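The values are calculated or read from the model by the stated rules, or taken from the named source; none is laboratory data. Given the structure is predicted, the values throughout are model-derived calculations rather than measurements. As a convention, Cβ positions derive from the backbone with ideal geometry for all residues, glycine included, and neighbour counts pool all protein chains shown. When the accessible area is computed, the model is the full protein with side chains, heavy atoms only, and any ligands, DNA or RNA have been set aside. Shrake-Rupley method; radii C 1.70, N 1.55, O 1.52, S 1.80 Å.
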Amino acid sequence: TAYMGEEPVILWRDLNRQIHAYLNVCRHRGNRVCRADRGNAKVFTCSYHGWTYSSEGKLAIVPMPDAFPGLDREQWGLIPVAQLSAYKGLIFATFDPAAPPLLDYLGDMAWYLDILLDRRAGGTEVSGPHRWIVDANWKTAAENFGGDGYHISYTHGSARELGVDTTSSSTRQWNKGCQIACGNGHILVSWLTPPGDAGPWFAQPDEELLNYMKEHAGEIEQRLGRVRAREISPSAGTVFPNFSVHWLTRTIRVWQPRGPGKMEIWSWAIVDKAAPPKIKELMRFVSQYRFSPSGIFEQDDMDNWIQVTGAAHSLIASRYPANYQMSGSEDIVAPDLPGRLASRFSDNNQLNLYMHWAKMMEANSWYEFAGTERA
């Protein structure tokens, strides 16, 4: 069971192993038909009146069927999503039949996702999720992961003083990178690797992981190409609207909205499936030590998001604009990358996310929204 926005859904395979996703709502009185987080079941039965649905979502059993004259069971199955697609093991869905196909929607962002999802044969596997509630609007987190390099030295300064970081000291000394906007509201921040130390091992926060990446650098470059293996190293980003990735610490997460002032974070550690057990465990530790309910950096970030959301409730503060004019002054010297590049220390990505959100909120349909985007 999961959520799409605040809509509860069930994702499962039918008896033919075909993936389906349905609204987790009984068609009789709206009760949940599945209350378990995960597991196995051939049918789902509502605990209220016993309406039962097959693994294909069809209404299979109705107690006292004679009391429902003319009931057409074909019309009363579970409500399916309009589109369901997978990309490198990640499953996406939408209730909008007019939305573009997944690959069109991801656009340039897929090129960057592959750096984490497809660098070794067999792809990736996850552990988790950790799940916890934060008194903050989900967009504060999506914005932060998608473009805010400005906060790191201040928000995470104490952790750095203790020697905890997401990167090596040589990475911080190099300190070159850029923001990248990939269209459709997708945003990320990437390091540019130094010419003398260009490889997939760049910016690894642990010596053993650095050596692991060096050992398999040939395979990684063969799969991803020189630019993605040697010239850039993404740090964090957001697939619009609420799915974020941290490449360096190998965490993926969904910011689940729980109303305007609360969100539930679902966070997974993601590791190379082909990695040996010791390296997998180290990857998980690196992920969870930094970004998890008790993670060193996660706690810093959560405090900021809570305070920002609290300020948004202020009647007086809402009468005054927030400052989003940071444009950066550094020259961007980067390879030919997909997407639109901007200074790493700027508000370009944040504005891209919010402008895309505003256009979607104002459009009456996907067709109207797409026309607005082209304009």
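Of the candidates TYR105, TYR150, TYR112, the single residue that is in contact with a Gly (Cβ under 8 Å, 6 or more places away or on another chain) and in contact (Cβ under 8 Å) with a residue 40 or more places away in the chain is TYR112. The residue list GLU298, GLU368, GLU362 contains one member that is of a type in the set (D, E, K, R) and open to solvent by less than 60 Å² (accessible area, probe 1.4 Å), which is GLU298. Can you list residue pairs whose Cβ atoms sit under 6 Å apart, with the first residue in region 176-197 being under 28 Å from TYR105 (Cα atoms) and the second being of a type in the set (Val, Ile, Thr) and open to solvent by 40 Å² or more (accessible area, probe 1.4 Å)? Count only pairs 6 or more apart in sequence or on different chains. Matching pairs, first to second residue: CYS178/ILE332. Can you find, within region 164-187, the residue that is nearest to LYS280 (Cα to Cα) among those that are modelled with pLDDT under 85 and buried (at least 23 other Cβ atoms within 10 Å of the Cβ)? Among residues in region 164-187 that are modelled with pLDDT under 85 and buried (at least 23 other Cβ atoms within 10 Å of the Cβ), the one nearest to LYS280 (Cα to Cα) is THR166. Across region 4-18, the qualifying residues are those that are part of a strand (DSSP E or B) and charged (D, E, K, R), and the one among them that is farthest from ALA86 (Cα to Cα) is GLU7.
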